[in-house]
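The values are calculated or read from the model by the stated rules, or taken from the named source; none is laboratory data. Keep in mind that what you see is a predicted model, and the values were worked out from it rather than measured. Please note: Cβ atoms are built from the backbone with ideal geometry, for glycine as well, and neighbour counts cover all protein chains shown.
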Amino acid sequence: MDNKRNWVIGGLLFAIMLMTIGYAALSQELQITGTAGIDADWNVEITTIALDDSHGINQVTIPDYTATTATFDVDLLFPSAYAEYRIEINNNGTIDAKVSSIEIEQSTDLADVYFQVTGVDVDDELPVGGNHTVTVYVEWDPEAEYVPEEPDPIEETLTVTILYGQDIE
C-alpha cells in the first residue's frame, strides 16, 4: 500500500511540475521594439496655363490657377468665337498619383456655349516626375440660335478642378 501511495504522490508531483513548466512557457512576455519612417513628398500641381489659340475673344483676366484648379474668363464676341487653353500639371513629389476626379464649373448655362476638356481622364496615372497636358476649349456655337442684334459678348468663366490621389496599385 505504501508503494501505491508513493506512485500517487509521485504522479501528483509530476503533474504539478508539468503545470509549472506550462505556465512559465505561456506567461513569458514578448517585446518587440523598433521604429519606421517614411520620407514622402506629395506635390502634384498645375504649373502653367497658356492661351494657345483663339478667335473672336477678349480675355477678361489672365487665367488664374491654384495647385488643383484653373479659372478662365473670356468674352466670346460672336458665334464661332473660341479660346483654347493649355494646362500643365506636374508631379514633382515622390509618390505616384492618379486622377481621382475632374470637375467643371461653367458660369453660363447657354446651350450655344460649349466646352471640352481633353488630355486627361479619371484613373489616368501620373508617375513621379511625370506631367499631364490638359486642353480646355470653349466656343460660341457657329450655328447659334442666340445672336444679339448689337455686339453683346457672352462672358464665360470656366473653372476646371482636377484632383489627384495616391496611386496605390
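Looking only at segment 53-79, how many residues end up being in contact with an Asp or Glu (Cβ under 6 Å, 6 or more places away or on another chain), crowded, with 17+ Cβ neighbours inside 10 Å and outside any strand (DSSP E or B)?
0
Looking only at segment 135-149, count every residue that is modelled with pLDDT of 90 or more and surrounded by fewer than 15 Cβ atoms within 10 Å (Cβ to Cβ) and tell me the total.
So the answer is 0.
Test VAL122 against the stated conditions and say whether it is within 18 Å of THR159 (Cβ to Cβ), assigned to a loop (DSSP other than H, G, I, E, B) and modelled with pLDDT of 90 or more.
On the way: within 18 Å of THR159 (Cβ to Cβ): yes; assigned to a loop (DSSP other than H, G, I, E, B): yes; modelled with pLDDT of 90 or more: yes.
Spelling it out, VAL122 is indeed within 18 Å of THR159 (Cβ to Cβ), assigned to a loop (DSSP other than H, G, I, E, B) and modelled with pLDDT of 90 or more.
Of everything in segment 31-50, what is modelled with pLDDT under 90, under 25 Å from GLY130 (Cα atoms) and among the hydrophobic types (A, V, I, L, M, F, W, C)? Give them in sequence order.
Within segment 31-50, ILE38, ALA40 meet the criteria.
What number of residues within segment 80-107 satisfy the criterion of being under 24 Å from GLU143 (Cβ atoms) and assigned to a strand (DSSP E or B)?
6
Among what's in segment 108-119 and is assigned to a loop (DSSP other than H, G, I, E, B) and surrounded by 13 or more Cβ atoms within 10 Å (Cβ to Cβ), pick the residue that is modelled with the highest pLDDT.
Here the answer is GLY119.
Given the conditions (1) exposed (fewer than 10 other Cβ atoms within 10 Å of the Cβ); (2) in contact (Cβ under 8 Å) with a residue 60 or more places away in the chain, report the number of the one that ASP2 does not fulfil.
(2)
Please work out if TYR82 is at pLDDT 80 or above and in contact with an Asp or Glu (Cβ under 7 Å, 6 or more places away or on another chain).
Yes.
If I filter segment 28-52 down to residues being without any contact (Cβ under 8 Å) to a residue 40 or more places away in the chain and surrounded by 15 or more Cβ atoms within 10 Å (Cβ to Cβ), which single residue comes out as farthest from GLU88 (Cα to Cα)? Give the steps one after another, and end with the answer.
The first filter runs over segment 28-52 and keeps only residues without any contact (Cβ under 8 Å) to a residue 40 or more places away in the chain, leaving 28-38, 49-51.
Those still in the list that are surrounded by 15 or more Cβ atoms within 10 Å (Cβ to Cβ) too: 49, 51.
Working: ILE49: 7, LEU51: 12 Å.
The residue in question is LEU51.
Could you please find all residues in segment 130-146 being over 16 Å from the mean Cα position of the chain (by Cα) and part of a loop (DSSP other than H, G, I, E, B)?
Scanning segment 130-146 gives ASP141, PRO142, GLU143, ALA144, GLU145, TYR146.
For segment 30-48, does any single residue satisfy the condition of being over 30 Å from ASP141 (Cβ atoms), among the charged types (D, E, K, R) and assigned to a helix (DSSP H, G or I)?
No.
I need a count of the residues in segment 53-64 that are touching a residue at least 40 places away in the same chain (Cβ under 8 Å) and polar (S, T, N, Q).
Number of matching residues: 1.
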